[in-house]
């Protein structure tokens, strides 16, 4: 029983680490969403965004800058209070 529990725990933790390190989301115009920055560095739980704000599937949620300016999607947190504002273009749009 201990072996099954330990194996399950190892698989679970491996999946979490994989999700954080390997699942950067590459959007148009040089925007890269890094899960690791949000979850590991800033200690934000996955369920804060999934599936309340974003679908769990990569690229499953379609949005435009106009949506962000209305406080939706990334701008739920990136509003200048919780995190840097979406109007700070260079923070997301890298060249």
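The values are calculated or read from the model by the stated rules, or taken from the named source; none is laboratory data. Here the structure is a predicted model, which means the values were calculated and not measured. Don't worry about glycine lacking a Cβ; one is built from the backbone with ideal geometry, like all the others, and counts go over all protein chains shown.
Within the stretch 64-86, can you find the residues that are on the phi > 0 side of the Ramachandran plot and either without any contact (Cβ under 8 Å) to a residue 12 or more places away in the chain or in a loop (DSSP other than H, G, I, E, B) (or both)? Full working, then the answer.
So in the stretch 64-86, the residues on the phi > 0 side of the Ramachandran plot come out as 71, 73, 80.
Result: 71, 80.
Can you tell me which residue in the stretch 49-63 is surrounded by the fewest Cβ atoms within 10 Å (Cβ to Cβ), limited to those that are outside any strand (DSSP E or B) and modelled with pLDDT of 90 or more?
62
Cβ-Cβ below 9 Å, separation at least six or inter-chain, first residue in the stretch 24-46 and on the phi > 0 side of the Ramachandran plot, second at pLDDT below 85: which pairs?
So the pair list comes out as 30/94; 30/95.
In the set 66, 83, 75, which member is exposed (fewer than 10 other Cβ atoms within 10 Å of the Cβ) and modelled with pLDDT of 90 or more?
66
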